[in-house]
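A.B. asks: Got a structure for you, written out below as structure tokens; questions coming shortly.
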Amino acid sequence: MAYYAKNGIRCVGYDIVPETARSVNAGKISLPGLAQWLGFSTEPLVKNGLMHATSNVNEILDDPSVKAHFVSIPTERRGKPWDGALQDVSKKISAKKVEDGPDLVIVESTLSPGQCDKVLVSTLRRSGREVPDEFHIAVAPRRDWFDNPGLNVHTIPRVVGGLNEESKKMAIDVLGIICSKLVPVSDHRIAELVKSTENSFRALNIAFANALSRAFPDIDTIELIDAAATKWNYVAHYPGLGTGGYCIPLAPEYLIEGSRSKGEHTDFLSQINEVNRSQTRFVGELIAESLSGSSVGILGLSYKRNLKVHVLSPTIDLAGTLRKAGKHVLIQDPFYSENEIRHIAGVDTFNYPEDLKKFDSIVVSVPHVDYTETPVPILLKSIRPRTFVVDAEGAWQSYRAFFDQKGIDYRKIGDAGWGLPRRTK
């Protein structure tokens with residue numbers, strides 16, 4: 001909405017959550033961390049009537065001047081593909097008042113292969129609507145990298161495919177207003193496979209890196225991967241705590257869900273997520289085995305730095321593994337309140353950085369700027385000697401020498417020896 005409104009095009013947004021609509025209409029960015037990525041204020045756009053949001057879908061359905069519809073909805077639930085929201089939206093769109101030529105529907109959400117036809121197109125046709133005479137259908141999956149303002153809606157290449165050539169052409173015309181590089185493909189079925197394919201590739205390579213880091217615990221896996229990446233066709237991925245978010249953990253599941261072979265050629269896809277989930281368990285078991293004490297503080301509930309998104313965050317599974325091992329676990333994240341942390345992860349929170357001294361082990365699961373910019377003297381004052389620190393992405397890597405001087409056992413996942421249990425006293 002913001003990008004189109006900035007280009008002078010009136011936009012109406014609909015969401016089932018009234019608070020989301022109120023936030024947009026107040027010119028606010030409701031998701032913490034997103035305003036910096038967007039890079040401009042939406043308040044003037046709202047005041048000028050170019051952006052408006054509602055929780056009453058009839059404001060869109062009854063307005064024939066609204067001709068292009070972007071569908072951006074969740075297509076997962078509890079870590080599995082889910083089409084409930086898409087079914088609901090498809091039914092709503094089937095009631096749209098259409099005049100002066102067909103409306104355009106562009107699905108941005110990640111889809112299982114065939115889901116556009118099975119849900120959206122079939123729902124419209126069962127409702128008596130003509131496709132493509134009344135609705136042109138296109139798929140253009142979103143690629144966003146929210147912690148890098150340079151990778152945004154305008155700059156990232158956008159794949160687009162349509163139900164027919166006219167649908168694709170119309171989608172290209174609409175997307176071209178805000179996207180600098182479009183990648184047309186032959187049809188919508190190719191387009192809906194793209195997101196799952198590219199993220200399954202990443203999930204596979206992350207699983208390989210995670211497995212390497214455990215199979216060769218006395219080797220610096222980071223150095224190994226960097227050396228291998230000097231070969232022109234090797235794509236570097238690095239070990240970590242596990243995978244999280246809407247994309248990477250779910251991508252193999254989408255491919256499995258939509259595959260015609262139903263396991264015959266996709267068995268390996270189910271192993272990808274198992275390897276990455278086992279990485280989270282491995283870290284939890286390593287900490288439990290290495291501690292003589294029982295208290296663990298985890299920094300970061302979100303799966304991604306500087307954002308408030310905890311969907312499938314490995315922190316949640318890590319906390320569960322440690323609690324099963326009898327450890328007392330607390331989680332801190334600057335984007336979440338005490339009540340939110342307790343509701344999501346089932347544990348209490350603590351004050352950062354002053355409460356770090358309470359813990360026998362600290363896990364830095366995500367490099368929020370609050371953690372990476374903490375001055376060294378404050379960290380050294382707050383962390384006790386012999387504290388077992390596991391750093392998933394190297395948030396405190398530059399402090400390693402200071403930690404060594406104080407006797408803090410600092411380990412970045414992937415370092416030589418990171419996965420070897422510590423002898424407890």
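The values are calculated or read from the model by the stated rules, or taken from the named source; none is laboratory data. Values in this document were obtained by computation on a predicted structure and should not be read as measured data. Cβ sites come from the backbone with ideal geometry, for glycine too, and all protein chains shown count toward neighbours. Protein only, heavy atoms only, side chains kept; ligands, DNA and RNA dropped before computing areas. Shrake-Rupley method; radii C 1.70, N 1.55, O 1.52, S 1.80 Å.
A.B. asks: If you scan the stretch 199-244, which residues turn out to be closer than 23 Å to His310 by Cβ and free of Cβ contacts under 8 Å to residues at least 40 places away in the same chain?
C.D. replies: Result: His237, single match.
A.B. asks: Looking at the stretch 309-334, which of its residues are open to solvent by 50 Å² or more (accessible area, probe 1.4 Å) and either hydroxyl-bearing (Ser, Thr, Tyr) or touching a Leu at 6+ places or on another chain (Cβ under 7 Å) (or both)?
C.D. replies: Once the filter is applied, which keeps residues that are open to solvent by 50 Å² or more (accessible area, probe 1.4 Å) and either hydroxyl-bearing (Ser, Thr, Tyr) or touching a Leu at 6+ places or on another chain (Cβ under 7 Å) (or both), the stretch 309-334 yields only His310.
A.B. asks: Val160 versus (1) of a type in the set (Val, Ile, Thr); (2) surrounded by 16 or more Cβ atoms within 10 Å (Cβ to Cβ); (3) out of contact with any strand residue (DSSP E or B) (no Cβ under 7 Å at 6 or more places or on another chain): which is the lone unmet condition?
C.D. replies: It is condition (3) that Val160 fails.
A.B. asks: In addition: One residue is enough: does the stretch 213-220 have a residue meeting the conditions in contact with a strand residue (DSSP E or B) (Cβ under 8 Å, 6 or more places away or on another chain) and outside any helix (DSSP H, G or I)?
C.D. replies: no
A.B. asks: Another question, then. Restricting to the stretch 7-35, name every residue that is surrounded by 14 or more Cβ atoms within 10 Å (Cβ to Cβ), more than 18 Å from Val309 (Cβ to Cβ) and of a type in the set (A, V, I, L, M).
C.D. replies: Ile9, Val12, Ala21, Val24
A.B. asks: Looking at this structure, is Ser180 more than 29 Å from Leu312 (Cα to Cα) and either more than 23 Å from the chain's Cα centre (by Cα) or open to solvent by 30 Å² or more (accessible area, probe 1.4 Å) (or both)?
C.D. replies: Judged against the criteria, Ser180 is a match.
A.B. asks: Might you check whether a residue that is aromatic (Phe, Trp, Tyr), under 22 Å from Tyr371 (Cβ atoms) and touching a residue at least 60 places away in the same chain (Cβ under 8 Å) occurs anywhere in the stretch 277-286?
C.D. replies: no
A.B. asks: If Glu59 passes every condition in (1) under 15 Å from Val131 (Cα atoms); (2) open to solvent by 40 Å² or more (accessible area, probe 1.4 Å); (3) touching a His at 6+ places or on another chain (Cβ under 9 Å) but one, which one does it miss?
C.D. replies: The failed condition is (1).
A.B. asks: Filter the stretch 117-152 down to residues that are within 13 Å of Leu104 (Cα to Cα) and open to solvent by 20 Å² or more (accessible area, probe 1.4 Å), then give me how many there are.
C.D. replies: 4
A.B. asks: Taking into account only those residues within the stretch 356-409 that are β-branched (Val, Ile, Thr) and part of a loop (DSSP other than H, G, I, E, B), which is surrounded by the fewest Cβ atoms within 10 Å (Cβ to Cβ)?
C.D. replies: Thr374
A.B. asks: Name the pairs: first residue in the stretch 23-40 and under 16 Å from Pro334 (Cα atoms), second residue open to solvent by less than 30 Å² (accessible area, probe 1.4 Å) and outside any helix (DSSP H, G or I), Cβ to Cβ under 8 Å, at least 6 apart or on different chains?
C.D. replies: Leu31/Leu307; Leu31/Val309; Pro32/Leu307; Gly33/Leu307; Leu34/Leu307
A.B. asks: Could you go through the stretch 70-83 and let me know if any residue there is free of Cβ contacts under 8 Å to residues at least 12 places away in the same chain and under 24 Å from Val153 (Cα atoms).
C.D. replies: No.
A.B. asks: Within the stretch 55-64, can one find any residue that is touching a helix residue (DSSP H, G or I) at 6+ places or on another chain (Cβ under 6 Å) and not in a loop (DSSP other than H, G, I, E, B)?
C.D. replies: Scanning the stretch 55-64 turns up no residue that is touching a helix residue (DSSP H, G or I) at 6+ places or on another chain (Cβ under 6 Å) and not in a loop (DSSP other than H, G, I, E, B).
A.B. asks: Is there any pair with a first residue in the stretch 153-170 that is over 13 Å from Ala191 (Cα atoms) and among the hydrophobic types (A, V, I, L, M, F, W, C) and a second that is open to solvent by 50 Å² or more (accessible area, probe 1.4 Å) and not in a helix (DSSP H, G or I) whose Cβ atoms are under 6 Å apart and which are 6 or more apart or on different chains, and what are they?
C.D. replies: Ile156/Arg143
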